[in-house]
Every structure is written in structure tokens, then in C-alpha cells.
Amino acid sequence: MGGVNTAGVRAEAEVRARVDGRGGTALPVLESRGPIALRRTRGSGATAHVTLVGAMSGPHGGDHFTLRADVGAGARLRVGSAAATLALPGQHGGQARQDVRITVAAGGELHWLPEPLVSVAGSELAVHTRVDLETGARLVLREELVLGRTGEDPGRLTSRLTVRVDGRPVLDQELDCGPGARGGWDGPAVLGGHRAVGQLVCCDQEFTEKPVAPGVPAEGLAVLPLTGPAVLVSAVAPDALRLRRLLDRAPAFFAPASPASA
């Protein structure tokens, strides 16, 4: 992959969620620096809502964005974004990086639901999302990647997702696509010509008593139970709209496994 350009922008954002003692969730830390901003928005019930707002375009080549979310015991947090993120070529070229660090304590709950990441032609971005959960934590994490804007080729995009529960690996996978990626990334065993790919990871102790059966409930959609307990939903589609529809339908297919297959 291309060299990192040290002339790029550095941006950091961090949110910490804690119970407020009144049946809700407080945000003792809500900080952001650089071209990304976190804003608390109207929530519902005990859940605090935070929206990620881009103060400018990017990441561009050479930029390094870091996002952190920490959810304490009993706290409930929902994080979204105001718009899709565009990975763009930088003025000086080079690879951009985006690191996401998530921790959720036992009894805490996080819904991490950003809008899609679009890999623009000529860009080069590496994303690594690391999630550390304690037993009893609940997580819903959605990742949507769109390869190129309408009618254009994609840039180089590498996305790695790592999920651990009490330090034990539950999921560690990487997708590398676009110019310079290893051959086969667009073949039938990976994207099959599709330009939108996504996944939904759900971690919940409920899956211990009601394990989910693996399956392919719809074209372009696959459901795979994981230890943790957790469920991974993978989807491919021609565009972002159809990808979102597939992922939104996924929980309806969480049928319990039969005793013989559980």
C-alpha cells in the first residue's frame, strides 16, 4: 500500500457514556478536535444519542482520524453520523487512516450506526475498528462500504474489524479492495461485481439461550452465529440503498437454531 503522508490532518473524537443516577445516560466526556465533531442530539428513554458531524470533507490522503467510544456499566449510547463519509485523494497523496476504538462494560449497550463510507477514485484509506466488550455487554455495530461514487471506479480501501469479549477474539476479518488489492477481491468469492458491502455485528447474552441458526435468508445476505455470543450478518448489493435495506431486514432472520444444530 502507499506510504503515509505526514502532512495530513490529525483529528480525534471521544465520547464516554455513564449512568446518570436518574435512569438515564450522561456523557461526562464529549470531545472532538480537528475536522470531525461530536454533537449530543435528542435521545429517547435511557439512551444518549450522539451524532458525528464532519466539519470539512475527508479523510484525504495522509489524514489520520481517531474515534473513541467508551460505555460504562448500565449506560446506553447510540452513535450515528450526519452524512456519508467520503475517502478522498489528498493533495500530496499517501494513505489515510481511520481508527475506531470501542469499549463497552458489562451491562452497557452501544449502537454504532454510522452512515456509509464511500471510497472515491484515487483515494487510499485503511480503517481499523477494534471493539472490546465485557461479558454482558450489548453491541449493535453496522459498517457499510461503497466502492466509488456513481459511475466511477473505487479507490483503495482496506477495512479490518476486530471484536473481543473479555479479551477473547470473537471476530477478526479484513476486506481489501480497489486498485492495488490482491487479485480476486471483485470475484464471485468476495464481492461478485457488487459495489456496496456491509456487515452488522450483534453481541448479546440472549444468543446464549436462543442461538441463531446460520443461513442465507435473502440474495446477497448471510447470517453467521459467532461465539461471544454474537451474530455476524454480511451483505453485498449493487448500491448503498439496497445494502441498507438488506441490513435493516437482517434481525428478522435471527431464527433460533434447532436443538440438533445448536
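The values are calculated or read from the model by the stated rules, or taken from the named source; none is laboratory data. Computed from a predicted structure; not experimentally measured. Neighbour counts run over all protein chains shown; Cβ positions are idealised from the backbone, glycine included. In case anyone asks, the SASA skips ligands and DNA or RNA and just uses the protein heavy atoms, side chains included. Shrake-Rupley method; radii C 1.70, N 1.55, O 1.52, S 1.80 Å.
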Heavy-atom surface of the range 120-262, accessible at 1.4 Å and reported per residue (Å²):
49
Convert 20 °C to kelvin, take the viscosity as 1.002 mPa s, use the Kirkwood radius over C-alpha pairs of the range 51-175 as Rh, and evaluate the Stokes-Einstein diffusion coefficient in µm²/s, rounded to a whole number.
141
Segment Ala46-Glu209, length gained on full extension (0.36 nm per residue, minus Cα span):
56.1 nm
Ranked highest first by the average count of other Cβ atoms within 10 Å around their residues, in what order do 245-253, 93-101, 138-146 fall?
138-146, 93-101, 245-253
Percent relative contact order of the chain, based on C-alpha pairs within less than 8 angstrom and at least six residues apart?
13
Please give the net charge around Val197, taking every other residue with its beta carbon less than 10 angstrom from that of Val197, where Lys and Arg add +1 and Asp and Glu add -1.
-1
So, with a 1.4 angstrom probe, what is the percent of accessible area on the chain that is carbon and sulfur?
51
In deg cm²/dmol, rounded to 500, what helix-only [θ] at 222 nm does the chain give when every DSSP H run of at least 4 residues adds -39500 (n - 2.57) and the total is split over its residues?
-1500 deg cm²/dmol
Where a ≥ b ≥ c are the square roots of the eigenvalues of the C-alpha gyration tensor, would you call the chain rounded, which needs a/c under 1.5, or, failing that, prolate if a/b is larger than b/c, or oblate?
oblate
For the range 156-256, radius of gyration divided by Kirkwood radius, i.e. Rg to Rh on alpha-carbons:
0.99
Computed Rg/Rh of the range 109-197, alpha carbon atoms with Kirkwood Rh:
1.03
Amide N proximity, the range 130-147 versus Asp248 label position 7 Å along Cα-to-Cβ, cut-off under 14 Å
none
Express the relative contact order of the range 33-139 as a whole percentage, based on alpha carbon pairs under 8 Å and six or more residues apart in sequence.
27
Among DSSP beta bridges whose residues both lie in the chain, state the antiparallel percentage, nearest 5.
45
